[in-house]
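A short worksheet on the structure shown next.
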Amino acid sequence: MSREQKLEQALHDFVTEIRAYQSHECEECEIIGPLLRQADAVLSAPKAEAHPDDKAVDRFAEAMKIKLALKRKEGRGGWWDDAFCNNPEISAMLREHVEKGDPLDVGNLAMMLHQRGERIAPAPKAEAKDYPAALFRRAQDTAARAAARFPQPNYVTLKIAEEAGEVVRGAVHYAEERMEWIEVEEEIVQLMAMLIRFVTEGDLVNGVTPPNCAELPSNGGTHG
């Protein structure tokens, strides 16, 4: 049901309920009576046929909502928050989904950038030539945000094991055609990010400090 249809239904229900409450008094009231008659005129007026563009956008928006809801159940989200993802990452995923061929995913990613008030970021020139390097750059950005959000002391070693398990699970699901490669790629980036944190920060909860690791500030016990 479109927004206009919902408003029309609400108006119809309101008028019906008012008349059912005190029909005669409402019709004679100097204030309510004219409002009811105006509502009748609106409800009885011929309805303009929606433009095909509007119909298509409404159908596409409903499909987008369904896909987003499915992804939320998988733990995805946070596109509006730079602590979880940023413009270059969303732009990169949009390009990847264009190549994958699903217009619904492309639409959702485009919506995210639009609602963030951003444009699609230019593609890094080295990305097409050096895929691992592109993943590493994404992992560096992810590690920096994670370190700011969940500083030491932190169970980094345990998080490495957890993320490695997610990569293995993703690989199996990809082989079984139950997961897209872009989702596996995101798990790879998360694992790389934790490894970057391990070699640059260590794991102060478990007493691991790399030899070349400078002492890092702590917030006293937030783990993530």
### Task
Would you tally the net charge around HIS97, using a Cβ to Cβ cut-off of less than 10 Å, leaving HIS97 out, and scoring K and R as +1, D and E as -1?
-3
### Query
Given the Cα atoms of segment 52-123, and with Rh set as the inverse mean 1/r over their pairs in the Kirkwood sense, what is Rg to Rh to two decimals?
0.97
## Note on the structure
Rounded to 0.05, the calculated FRET efficiency for the beta carbons of TRP80 and LEU43 at R₀ = 30 Å is 0.20
### Residues GLU74, GLU163 arranged by fewest to most Cβ contacts within 10 Å
GLU74, GLU163
### Message
Please report, in whole Å³, the volume per residue of the convex hull around the C-alpha atoms of segment 165-213.
### Response
68
### Summary
Length-normalised contact order of segment 52-123, Cα under 8 Å, at least 6 apart, in percent, tallies to 33
#### Entry: Directionally averaged shadow of segment 134-179, computed from the convex hull of its alpha-carbon atoms, nm²
4.0
#### Entry: Calculated from backbone phi, Karplus (6.51, -1.76, 1.60) coupling profile of segment 68-75 in Hz, x at Gly/Pro
5, 5, 4, 5, 5, 5, 8, x
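Values in this text are rule-based calculations from the coordinates and carry no lab data. Note that this is a predicted model, so its numbers are computed, not measured. Here Cβ is always computed from backbone atoms with ideal geometry, including for glycine, and neighbour counts include all displayed protein chains.
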